[in-house]
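Asker: The following block contains the structure, expressed as structure tokens.
The values are calculated or read from the model by the stated rules, or taken from the named source; none is laboratory data. Remember, predicted model here, so these are calculated numbers, not experimental data. Cβ coordinates were reconstructed from backbone atoms using ideal geometry, including for glycine residues, and neighbour counts include every protein chain displayed. Remember, those area values only see protein heavy atoms, side chains included, never the ligands or the DNA or RNA. Shrake-Rupley method; radii C 1.70, N 1.55, O 1.52, S 1.80 Å.
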Amino acid sequence: MKVAFKSIVEHDKTEDLVKRVSEYRSQLTLRLLMVLNAHQRSQSATLDDIQRSNQEIVEALALQNVNVVNAGTSMIGAILKTRHGLETVVLGKDGIRYDSTSSGQNQSRSTTFTSSIAGGSVGADFHASESTEDWSKTIRDAVHFRSIRQRQDTITKAHRDTFEWIWELDRHGPWDSLVDWLRTGSGCYWVSGKAGSGKSCLMRYIAHDARLMNGLHHWASSEPRGRLIVGSFYFWYAGTPLQKTYEGLIRSLLYAVMESQPDLALYIFPDISRQLINNRLGGQLDISEDELKVGFARLRDHVPPGVKIFFVIDGIDEYTGDHNEICDLLMGSRSPSLKFLISSRPIPACVERFSTCPQLRLQDLTRKDIQKYARDHLSTNTILQGMEEEEPGITSDLISLIGERATGVFLWVVLVVRILIRRLQNYDSVAELYEEIDNLPQDLEELYDRMLGSMSLQHRITGSKYLQLAVVNLEFSPRVAMTPLQLSFAEDEDYDRFIQVPARPLQQDAVLRRYRTIEGRLRSRCCGLLEVQDLPYPIVGFLHRTVVEFLHLADNWNKLLSLTANTRFNAEMALMSSLLAACQSEVPTEDKCVTPTGGDDETKGTSIPSPPTQGLNVSIGFANPDLYLCEQISRFVSYEKAMSDEGKQKFHAVYLPAFRKALLDYHSLDTSSFATVADRAEALSKSISRGITRFNLSYPRTFGFHLALSVPKFKINRFWPESNRSKGLGSEQKSTSELEIDLEMLLIHYVEEPNGRLRQQIAESITDGMLQKLPSSPLPADDDSNLAKLWNQRWPLAPLSSFEAETRRSPWRFLLVYAHFVCASSTSVRSRAEVATNGDVFDFSDTRMILSFLDLIFRALKGWADLGSRIKIHNNNSWWSKHIGVRPDVELFTPDCILLRLLGEIWIRTSSTSTGKMRDKIAERAVMIENAISHAREFQKSKQMIRINLKDHATASRKRAVRSSALGVTAAGETAEKGVWETPWVEHDEARRRSENKVSRP
């Protein structure tokens, strides 16, 4: 029994052990499953992230020498297969190489590899496409802004033989050697100094001295094949927004880098570059401030191997944001390949952050320079030379006294020397000169107050007007300063004078007299605190930033206002009236129109002179009249925004109509379209009014529409984003972006305008830049939009809808649809009423209408017009069945078909209506279009021949007949097989050329 009992106990223990082991196994299995599930979820999430980030495209950009690209395509494609969908950028060892084209311009050669991803796996079929577009220039233009170098150009050049001590190798002074730092240093070198001590002047001097590049080349040569990049930025407190902000700083520095080394655009902006190369960015490229910051941070933290970058940054204290932000930007770099030469006043943020950097204090080092400046200006004065003969040593004593009291402030010395020269001209005694120097305040603001208060009352009143106008203009229009011509009209307090009697046109010598007069009056009435400065054109600007700070003080500003309190002076009205007068003064007179005595009837009439590009502006140092007009319009619009309510009312009621009239009176697009200036102005005014009503526009777009039709395209295109970048305007043009008129508006207004001469005006207003963006400029997506309604009203058989908005609504499609219905409407009068509800679609008897339409088409073909897409036309079966036969509800038409059929219709309809000379002009444009189509498409490889719809009514001896068809046009006979388009227009143009050759042959 004892053995049996023991067996039972052991059996129970065994069962208990088995049970416990089973429970442990279950728990382990559960734990293992949980771990595996968690790992699986993590792996799935990772794969999902990879698939989402890559979506359906595998890209690689192989930017290499043209001779290597084709040979390496298959190899690179094979390499990319192993990347499993990751984006890859393939670069040469030394970065992107460029081919020099015959034109001398650099264009990048890019190869793009793509592969489809199906079911999460990478397909094996890679495709390569190549592009030679200079996309790096597109990025540079997007970063650039117009006033990028303006501040640097206004800084006074260093006086002769001053600042030479900065280049001393064996220095004997309390500053860190700049030469040593340039050759071997890194990080930042800080130039600090008082207000007016000459920091900006020193920085400009250093930046333009050849010894700077000598030191930097030594630094860059530390690496084999090192590339040196030098850039600069000068903050300006009284300048445009981009001249005193973080964004402007980054734009300037990045532009300098990409201008020196275009290949670095890919390194700085890889995502934007990839999208540009693959044509994914439609319309204008606009780089945001965040993208700029990311790009600059990438460059700052990881300078590419073999690249050395040096930046000059002046006036950090003039930055309008948080100065610590700028300090972080500069001190954040740890790369030995990037360094900054910076300057500022000793403000707390800069003192704290740059105190450990190599540095100098400018006011401690310019004593000899100050004395040299004073000696060079005073020792040549004949009156002082006479005093020196009677009392030797006077000049040296005056110079020493000036140097002692200047305390290193160079601007104080400049002003004191001017005062002393005036006192010498008044034959003051030596004692009076010493007393004057002793009494002059050493503080700049106190000195300004003393100078302005020392004038006669009448001069103080006039000077107060000038200073008020400059300050108010700076507030109203910070981007654009006044011109001397505008200021010359601003003293007149009759602000309705130029409304009632426009300012008479000024000849060149009259303008120069006004400039000299204003320059002298500013010296005598403002003591030189306001002066004429030379930029791309002369402007009126402040002597120094401290002058603006002085005038902004409440007490000083109130003193200025009190001087004009008993006059009719109003700064707002004076600015508006003077700007209007300046614009009117450039209007050509009616007697400049000359009537030609010969020519075709269609071109006979009075010709209006084009706006002069020589004379007025060029003679005063301004060689860009386009920019000058842009500045005038920009200033005019800016004034309205900042005016008081009372000022805005007068602006819209009085000045806006007068300004529009001044533009109409001066700027002509077609020099032979109208009999007189008044005729053109009246016709344009009526057309503009119709357009404003049609599009239901309000200010400021009414003014923009007026500009679009009345100002030449080579001027007004500066107000459209598509051309701003290429013209170097950049983001500063945002203030006038509300003037922007859609291309679609101009196209709709074009087809609605019944007058061929005005159509020519409208077509000239449509810039090439607009037409070059046709595929990526869709019409508004809202079917209820005004433009969509106008489209559907005009083209009921090709209505707009939200479906395929990108392709269905593009301006290129608008031109094609219009061309299609021009051909359809020419078949019968009844069809015209069917396809267009507002007037005639096209007048084939109006040569100007034909030429303007062909010009639009050709300019579109030169751009990005897509010849591969088709357009859908909803047929009106009742009309088609009667005139052509039963047609399907919807038909597809290719651009080739539509355009060549249009040329055929023009040939037929103009054979008996146009004169020989005008028909030659039409032939010339028609052949240009045919050549553009021929080059764009390989017609000889086409599987389907497009049939001709031409009837030759002009030449009875034509040997071969051309069959008619409603579907389109094709090449005739054996020439079609060769891919050569030989339509009647080609034969006509060749005959014309042969005739001209016979006449010119001796």
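Asker: For Ala297, put the label point 7 Å out on the Cα→Cβ axis and report which residues of region 215-251 keep their amide N under 18 Å from it.
Answerer: 246-251
Asker: Here's something else I'd like to know. For Glu388 and Asp438, FRET efficiency with R0 = 25 Å and r from the beta-carbon atoms, rounded to 0.05?
Answerer: After rounding to 0.05, the efficiency reads 0.75.
Asker: Something else about it: Label points 7 Å out from Cα along the Cβ direction at Arg523 and Ser429: separation in nm?
Answerer: 2.9 nm
Asker: Additional query: For Tyr515, tell me the accessible area in Å² from a 1.4 Å probe, rounded to the nearest 10.
Answerer: Rounded to the nearest 10, the figure is 30 Å².
Asker: Return the long-range amide H neighbours of Val307 (sequence gap of 5 or more, or a different chain), with a cut-off of under 5 Å between placed amide H atoms.
Answerer: Amide H neighbours of Val307, under 5 Å, 5+ apart: Arg227.
Asker: Can you pull the accessible area of Thr14 for me, 1.4 Å probe, Å² to the nearest 10?
Answerer: 80 Å²
Asker: Multiplying the sequence separation of Gln458 and Ala510 by 0.36 nm and subtracting their Cα-Cα distance, what value in nm do you get?
Answerer: 16.2 nm
Asker: Would you kindly state how much longer the chain becomes between Arg405 and Ala642 on full extension, computed as 0.36 nm times their sequence separation minus their alpha carbon distance, in nm to one decimal?
Answerer: Gain in length upon complete extension: 81.1 nm.
Asker: Summing +1 for each Lys or Arg and -1 for each Asp or Glu, what net charge is found among the other residues whose Cβ lies under 10 Å from the Cβ of Ala158?
Answerer: -1
Asker: Please give the net charge around Arg361, taking every other residue with its beta carbon less than 12 angstrom from that of Arg361, where Lys and Arg add +1 and Asp and Glu add -1.
Answerer: Numbers: positive: Lys194, Lys199, Arg345; negative: Asp176, Asp364.
Once positives and negatives cancel, what remains is +1.
Asker: Select from region 188-236 those trypsin sites (Lys or Arg not before Pro) which occupy a DSSP coil region and have at most 14 other Cβ atoms within 10 Å, ordered by residue number.
Answerer: Arg225
Asker: Follow-up question, since we're still on this one. Less than 11 Å Cβ to Cβ from Ile316, Lys/Arg counted +1 and Asp/Glu -1: what total charge do the surrounding residues give?
Answerer: Its environment carries a net charge of 0.
Asker: Then there's this: With each label point set 7 Å from Cα along the Cα-Cβ vector, what nm distance links Ser934 and Asp679?
Answerer: 3.9 nm
Asker: With r defined as the distance between the Cβ atoms of Lys19 and His39 and R0 fixed at 35 Å, what FRET efficiency is calculated, to the nearest 0.05?
Answerer: Step by step, r from the Cβ atoms, then E = 0.70.
Asker: A follow-up question, please. Under a point spin-label approximation (7 Å from Cα along Cα-to-Cβ), what is the Val501-Glu247 distance to one decimal in nm?
Answerer: Between Val501 and Glu247, the label points sit 4.6 nm apart.
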